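Novice: Attaching a single structure in structure tokens format; questions to follow.
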Amino acid sequence: MAKIQETIRDLADRYGRSKESLLPILQGVYENYHALTDEAMVEVARELDISAAHVYGTATFYSFLESGKSGKYIIRLCKTITCMMHGKNLILQELEDILKVKPGQTTSDGLFTLKETNCLGQCHKGPAMLINDTPHTDLTPEKVREIINEYRIKEHMPLN
């Protein structure tokens, strides 16, 4: 717990201790730990002198902040009607087949978490997904397989 307290203190020193600093601090905690635990949210509340309920409400409102443990790579597949019309369901099926998980789940090796999300701002190039901060557009099942394999190769775990 001491390490997370130090991280939160450093983030508060950088962004300030006002309510307006809450979101960048939560983003910083998430970037460092890939999750916003209850303990971390309580510690942020203490550091900013605001209620834990306010911190929790903010953290759970934003879909890009995860309160639970997630994989090293979070795959966010756009679920808008535009992406659906361009084949999003085929892409989702391919991801489920490759990763052996459903949306909201993390692969057994802890590498990927699959999520569906609202608009990624790439409707003109749908279907689209975001892996951490990297957008992937004009997806096909074959392209998805190549993309996932590239991430696995980077981690020394290629698809068979």
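Novice: For segment 29-48: of the residues being over 18 Å from Lys72 (Cβ atoms) and small (Gly, Ala, Ser), which is surrounded by the fewest Cβ atoms within 10 Å (Cβ to Cβ)?
Specialist: Within segment 29-48, the first condition is being over 18 Å from Lys72 (Cβ atoms), and the residues that meet it are 38-48.
Add one more test, that the residue is small (Gly, Ala, Ser), and what stays is 40, 45.
Numbers: Ala40: 24, Ala45: 18.
Of everything passing the filter in segment 29-48, Ala45 is surrounded by the fewest Cβ atoms within 10 Å (Cβ to Cβ).
Novice: For His124, state whether it is in a helix (DSSP H, G or I), of a type outside the set (D, E, K, R) and closer than 19 Å to Ile8 by Cβ. Break it down into steps so the answer makes sense when it comes.
Specialist: On the way: in a helix (DSSP H, G or I): yes; of a type outside the set (D, E, K, R): yes; closer than 19 Å to Ile8 by Cβ: no.
Taking the combined requirement at face value, the residue does not satisfy it.
Novice: Give me a count of the residues in segment 76-87 that are at pLDDT below 90 and charged (D, E, K, R).
Specialist: 1
Novice: Name the single residue that is surrounded by the most Cβ atoms within 10 Å (Cβ to Cβ) among those in segment 127-147 being in contact (Cβ under 8 Å) with a residue 12 or more places away in the chain and assigned to a strand (DSSP E or B). Reasoning before the result, please.
Specialist: As a first pass, look at segment 127-147 and keep what is in contact (Cβ under 8 Å) with a residue 12 or more places away in the chain: 127-132, 135, 137-141, 144-145, 147.
Okay, now just the ones that are also assigned to a strand (DSSP E or B), so 129-131, 135.
On the way: Met129: 27, Leu130: 20, Ile131: 17, Pro135: 14.
Going through the qualifying residues, I end up with Met129.
Novice: If you don't mind, another one. Go through segment 19-75 and tell me which helices (runs of 4 or more DSSP H), entirely inside it, have 3 or more residues that are within 22 Å of Asn132 (Cβ to Cβ) and either modelled with pLDDT under 90 or of a type in the set (Asp, Glu) (or both).
Specialist: 22-33, 52-61
Novice: Under 6 Å by Cβ, and 6 or more places apart or on different chains, what pairs join a residue from segment 100-119 that is within 18 Å of Lys88 (Cα to Cα) with one that is of a type in the set (S, T, N, Q) and not in a loop (DSSP other than H, G, I, E, B)?
Specialist: Thr113/Thr106
Novice: Moving on to the next point. In segment 75-99, how many residues are in contact (Cβ under 8 Å) with a residue 24 or more places away in the chain, of a type outside the set (Val, Ile, Thr) and in contact with a Lys or Arg (Cβ under 8 Å, 6 or more places away or on another chain)?
Specialist: 6
Novice: Restricting to segment 97-126, count the residues that are more than 13 Å from the chain's Cα centre (by Cα), hydrophobic (A, V, I, L, M, F, W, C), at pLDDT 90 or above and surrounded by fewer than 20 Cβ atoms within 10 Å (Cβ to Cβ).
Specialist: Qualifying residue count for the region: 2.
Novice: Of the numbered conditions (1) within 22 Å of Arg145 (Cα to Cα); (2) in contact (Cβ under 8 Å) with a residue 24 or more places away in the chain, His54 satisfies every one except a single condition; which is it?
Specialist: All conditions are met except number (1).
The values are calculated or read from the model by the stated rules, or taken from the named source; none is laboratory data. For clarity, every value in this text was computed on a predicted model and none was experimentally measured. Positions of Cβ are generated from backbone atoms using ideal geometry, with glycine treated the same way; all protein chains shown enter the neighbour counts.
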